[in-house]
Amino acid sequence: MKSDCYVATGIPVIRGKNITDGPKFEGEFVYITESKAKELGSSNVFENDLIFPHRGSIGEVGIVPKSGRFVISSSLMKISCDNNKVHPKFLYYFFKSNIGKHELLKNASQVGTPGIARPLYSLKNISLQLPNLIKQNKIAKILTSFDDKIELNRKLNQNLEQITQAIFKSWFVDFEPVKAKEHIRKLGGDSNQIERAAQAVIAGAVNL
């Protein structure tokens, strides 16, 4: 798929850079038109399809979310699951495991740009033992709950980092507590009022 196919809005294209350590796709997407997506019929992917790079960042895996339809770039390959035989999230976590990665990379070459030789053949010849669907579902639910907690902690850490940066800027760049003290001092406030003004700025109750 050439870059001149891209448009401002349309069907999002998943590229290798969008596949991360977690189940969600991240980073900027590019888009193609609906008509172009129809031309690329086999490259269309939908909810619970598994996505793998066969060139570049090989060994990674993503799973298409409920949010809709995507198209994969030419450096990716896909598996569409038979839900009567395999739980998509169970298969996703299999490929995240060391055993799954080994199966995925056993036909890989690291010469030049890393790649998987004969991508579709390699996928079709991966072997794994499937427990029954009830067990698959239980395993998938447990591992999904762990991923959800990891994602929540990641967001909390991002929020804490933003708060830390705001406090750093307030104290050491804008000198807001110092400004608050000086402002109250000029108004004739006593030492307690001056200190409380600085504390109010630190707590975010007052902006100068």
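Quick note: the coordinates plus some simple rules give every number you see, no bench work behind them. What you are looking at is a predicted structure, and each value in this text was computed from that prediction instead of being measured. Every residue, glycine as well, gets a Cβ built from its backbone with ideal geometry; the counts of neighbours run over all protein chains shown.
According to the square roots a ≥ b ≥ c of the eigenvalues of the Cα gyration tensor, what is the shape class of the stretch 57-159, taking rounded for a/c under 1.5, prolate for a/b larger than b/c otherwise, and oblate for the remainder? Since a/c reaches 1.5 but b/c is at least a/b, the shape of the stretch 57-159 is classed as oblate. For the listed residue pairs K78/K106; K2/K66; K24/K155; K38/K106; K101/K124, the alpha carbons are over 22 angstrom apart in K2/K66; K38/K106. Take the Cα of N44, step 7 Å along the line toward its Cβ, and report every residue of the stretch 70-104 whose backbone nitrogen sits under 13 Å from that point. 70-72, by backbone N distance to the label point. Under 5 Å from the amide H of I32 lie the amide H atoms of V7, I11, V13, each residue being 5 or more positions distant or on a separate chain, with H modelled from the backbone and absent for Pro and chain starts.
Residue separation of L120 and D4 scaled by 0.36 nm, minus their Cα-Cα distance, works out to 39.1 nm of gained length.
Between L130 and S35, the contour length at 0.36 nm per residue exceeds the Cα-Cα span by 30.4 nm. A Förster radius of 22 Å, combined with the Cβ-Cβ distance separating K85 from T144, puts the computed FRET efficiency at roughly 0.70.
The magnitude of the dipole of the stretch 3-129, with charges of +1 and -1 set on the Cβ of Lys/Arg and Asp/Glu and taken from the Cα centre, is near 300 debye. Between L91, N48, F25, the Cα set farthest toward the positive side of the dipole of the stretch 3-129 (charges on each charged residue's Cβ, about the Cα centre) is that of L91. Distant-in-sequence amide contacts of H54, defined by a placed amide H-H separation under 5 Å and a gap of 5 or more residues or a different chain, comprise L76, M77.
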